[in-house]
Amino acid sequence: MAKTGKAVASAKSKPKPVISPAMLPMEGITDVQGADGVYLQRNDVMFTAMKHTQGEFSDFFRALRDEGKVFGHRCPECRHLIIPPFMRRCPACNFVEMKKEYVHDTGIMAATPVITVFAPSRFKGQEPFGTGRVFLETANRKLSETAMLVRVRTTRGTIRPGIYKKGTPVKIAFCDSRHGEMLDIFAVPQNELTRRQLAKSPLLESEIKWGRLSEMGFGKPTAQLQKTLQEVRVHFQKLAEMIPHSPRATANLANWRRTVTVRTSGGTFGLVVNKGKLQVRKEGVKNPDLVVAVQDPAILLAWLHDSTQPVGDSVKSPALTDLVIEGTLVLNKPELETITRLDRVPRSLRRDNVVVVRSAKAN
């Protein structure tokens, strides 16, 4: 297969810095509270850089980038097939040279994938993400002897428990813009794809519909669910009015702008985070940056009760982040920072001794 146009374009596109500009510290010296007084804190930096080659793996990564294919190495004597091709000679057969063999882009999970929520800075903005090992099918539809480590994704919002398990049939899909690394590919459950998508090789990321939260059926909202949702709106408005009275809570939302639509079985409402403030909308936001789905609005109400009441550090409801981790709160894409920022607000309000300012109504 010839190098795809998009893959070629990625190689010629304007290079990006290894360290994102958003992660670069600003110059300055600030006052911070220490154990026995106020200290001066200065932003500084340590610079290190390195280059390394992909070595003997280069052919494998070029095949991902340029051909949209996966291959392994098979021993001509014992017929053992390894993917990725991390050895060129078979140690069990007197180090006979192994042969290159392309495989299908379908297979099964070797085990339940690991879900990473709190990732190193290199993966900032990608969490939560899943990583697992996949046995791929060979030309005769048998499985490879080794399992390839790969990212796993779902078309139904963010990755969460229950999407994958040991033996889940998967298909390897390819990013449109590829660079020659493992992040050029990822696995998707076969039951989330159409027959046409399953038959296509390579299947590109742009050919898959993502964030399909519409498949989470809520049904017709009952009067009780609608009443609960209205309480949720009112309490979110209370929270919004408390934030400007707390320097810490304002700082939690500073330098962050997001429009959010929240879908529940009782209806939909919107949130806008902008310049350290929170706004509540009666309806969902048009073209939101993030969509959040939760079946029971009472789950949000429990978190809001703890957030707006002066209960100290003793809270009864789980954090929003925990609800995302367990799959109760589903996001349409990997974008956890908005949730973690909201989670910091209640603690900040309590530390600044902020109470409900006035009786509020949602806009």
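Observations, loosely collected:
- Residue ID - nearest to the chain's Cα centre (by Cα), chosen from residues in the stretch 184-205 that are part of a helix (DSSP H, G or I) and within 30 Å of SER265 (Cα to Cα): GLU192
- Tally of residues being among the small types (Gly, Ala, Ser) and crowded, with 16+ Cβ neighbours inside 10 Å across the stretch 179-200: 2
- Among the residues of the stretch 182-197, the one identified as aliphatic (A, V, I, L, M) and in contact with a helix residue (DSSP H, G or I) (Cβ under 7 Å, 6 or more places away or on another chain) is ILE185.
- The stretch 157-204, residues that are among the charged types (D, E, K, R) and closer than 24 Å to GLN54 by Cα: ASP176, ARG178, GLU181, ASP184
- For the stretch 142-154, the candidate set comprises residues that are among the hydrophobic types (A, V, I, L, M, F, W, C) and over 30 Å from GLY217 (Cβ atoms); within that set, the residue that is surrounded by the fewest Cβ atoms within 10 Å (Cβ to Cβ) is LEU149.
- Which listed residue, of GLY162, GLY157, is assigned to a loop (DSSP other than H, G, I, E, B), at pLDDT below 95 and surrounded by fewer than 16 Cβ atoms within 10 Å (Cβ to Cβ): GLY162
- Within the stretch 291-317, the residues that satisfy the criterion of being modelled with pLDDT under 90 and either more than 17 Å from LYS238 (Cβ to Cβ) or among the aliphatic types (A, V, I, L, M) (or both) are VAL311, GLY312, ASP313, SER314, VAL315, LYS316.
- The condition (being modelled with pLDDT under 80, in contact with a Gly (Cβ under 7 Å, 6 or more places away or on another chain) and under 30 Å from ARG178 (Cβ atoms)) is satisfied by just one residue among THR4, THR48: THR4.
- Yes/no for ALA302 being in a helix (DSSP H, G or I) and over 30 Å from ILE163 (Cα atoms): no
- Single residue of the stretch 234-252 satisfying the filter (small (Gly, Ala, Ser) and out of contact with any strand residue (DSSP E or B) (no Cβ under 6 Å at 6 or more places or on another chain)) that is farthest from ASN353 (Cα to Cα): ALA251
- Of the residues examined, VAL260 is one that is assigned by TED's automatic domain parsing to the domain that holds GLU335, in a strand (DSSP E or B) and in contact with a Pro (Cβ under 8 Å, 6 or more places away or on another chain).
Conditions (1) touching a residue at least 40 places away in the same chain (Cβ under 8 Å); (2) out of contact with any His (no Cβ under 7 Å at 6 or more places or on another chain); (3) on the phi < 0 side of the Ramachandran plot; (4) surrounded by 17 or more Cβ atoms within 10 Å (Cβ to Cβ), marked per residue:
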position	(1), (2), (3), (4)
VAL280	yes, yes, yes, yes
VAL285	no, yes, yes, yes
PRO288	no, yes, yes, yes
VAL291	yes, yes, yes, yes
PRO297	yes, yes, yes, yes
THR308	yes, no, yes, yes
LYS316	no, yes, yes, no
LEU331	yes, yes, yes, yes
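The values are calculated or read from the model by the stated rules, or taken from the named source; none is laboratory data. This is a predicted model, so every value here is computed, not measured. Cβ sites come from the backbone with ideal geometry, for glycine too, and all protein chains shown count toward neighbours.
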